[in-house]
Amino acid sequence: MDVPLEAMSYYTALRTLRSWEVQRYANGYVAIGDDGGGQVFLMRLVDDEKKVWIVDAGVMDPQHAELVTEDLLEWVSGGCIVE
């Protein structure tokens with residue numbers, strides 16, 4: 001199933017991050033969007049990070065995340081498809 005990334009505005013992102021409690025349950029990560037079906041895209045908060053992970057919003061534990069791509073820019077250029 002191909003699912004496009006939903007981009008978020010700055011204020012929507014802040015509100016969403018608070019509701020997902022990313023800082024609490026996935027400390028060291030930032031949510032960059034969601035798939036519209038209950039899964040959240042995460043990236044680690046480190047310099048030069050390119051990997052994007054996906055995790056269920058109800059779990060929000062990076063240990064349960066699956067790798068979406070090794071390269072954010074390549075993924076975005078390709079349409080942000082999740083297979």
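The values are calculated or read from the model by the stated rules, or taken from the named source; none is laboratory data. Since the structure is predicted, the reported quantities are computational estimates derived from the model, not experimental observations. Glycine gets a Cβ as well: all are built from the backbone with ideal geometry, and neighbour counts include every protein chain shown.
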(1) of a type outside the set (Val, Ile, Thr); (2) touching a Phe, Trp or Tyr at 6+ places or on another chain (Cβ under 7 Å); (3) surrounded by fewer than 18 Cβ atoms within 10 Å (Cβ to Cβ) all hold for Leu42 apart from (3)
Per the filter on the stretch 28-83, residues outside any strand (DSSP E or B), of a type in the set (A, V, I, L, M) and farther than 24 Å from Arg15 by Cβ are Val46, Leu73, Ile81
Filtering the stretch 55-69 down to residues that are hydrophobic (A, V, I, L, M, F, W, C) and either modelled with pLDDT under 95 or surrounded by 19 or more Cβ atoms within 10 Å (Cβ to Cβ) (or both) yields Val55, Ala57, Val59, Met60, Ala65, Val68
